[in-house]
């Protein structure tokens, strides 16, 4: 456990240091730098594929995850979403919108110090289920909530 | 270039620190069309946001195009004290980047 933390810390500090220099010098392209960014999961067009790419397929629904989102969103371009969970040891929280062109909206990596809480604002193309995926201790839990959208946020 | 695009508020309460951040960014999806020319507006969005507390990464957000324009982000972590530094940095798909530090209040 200690060595893992140390490694993550070292990796983090080294990459930020090297990154800023490399970008400043124009040596590296961002897609090379961002190895951790789950390109595969973001590019998927269906919910099942995106879940699978995150290693989260066949997840159990959990009552310990709360999604705070409006029942009706007047403007789909700005939908506030808060996900909180009482599950301990949360490593990742992902927010998905089932009917968006690319269901995965955001993916958050939490360190051991973080609480199971994230809040952000997302876009929704139309009325859809919003799905929160929580990955903790090698297990995956999900919860969903339907949000009605009266004006879409994707396309014009 | 992106400058001063981040606003951070970090508050410590009862041993927990809550960080709230607002980033100024277009977050273009790549799906929208320009109404005049009918051409697609190319995607331009933040891919990764990194949050550091006293130089160690506590929280990373990987974003897709479905995060709203001028994104808002909030998270909580245990520990942290008044005067600690919180640094938030982002990188977008065009290689633009910005970072800003703030003190925990």
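Read-outs throughout are calculated quantities, based only on the coordinates presented, and are distinct from any laboratory measurement. Predicted model, so just to flag it, every value in this text is computed and none were measured. A quick note on method: Cβ atoms are made from the backbone with ideal geometry, for glycine too, and the neighbour counts reach across all protein chains shown.
Key figures
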quantity: Taking A:121, B:32 and counting other C-beta atoms within 10 Å, the order from fewest to most; calculated: B:32, A:121
quantity: Nitroxide proxy distance, nm - points 7 Å out along Cα→Cβ at residue A:148 and residue A:82; calculated: 2.3 nm
quantity: Label point distance in nm, residue B:35-residue A:112, each placed 7 Å from Cα along Cα→Cβ; calculated: 5.4 nm
quantity: Potential lengthening between residue A:57 and residue A:36 on full extension [0.36 nm per residue; Cα-Cα distance subtracted]; calculated: 5.6 nm
quantity: Full-extension gain in nm, residue B:24 to residue B:3, via 0.36 nm per residue minus C-alpha separation; calculated: 6.6 nm
quantity: Ranking of A:37, B:90, B:63 by count of other Cβ atoms within 10 Å, fewest first; calculated: A:37, B:90, B:63
quantity: Region A:36-149 shape via C-alpha gyration tensor axes, a/c threshold 1.5; calculated: oblate
quantity: Fewest-first sequence of B:27, A:96 by Cβ atoms within 10 Å of each Cβ; calculated: B:27, A:96
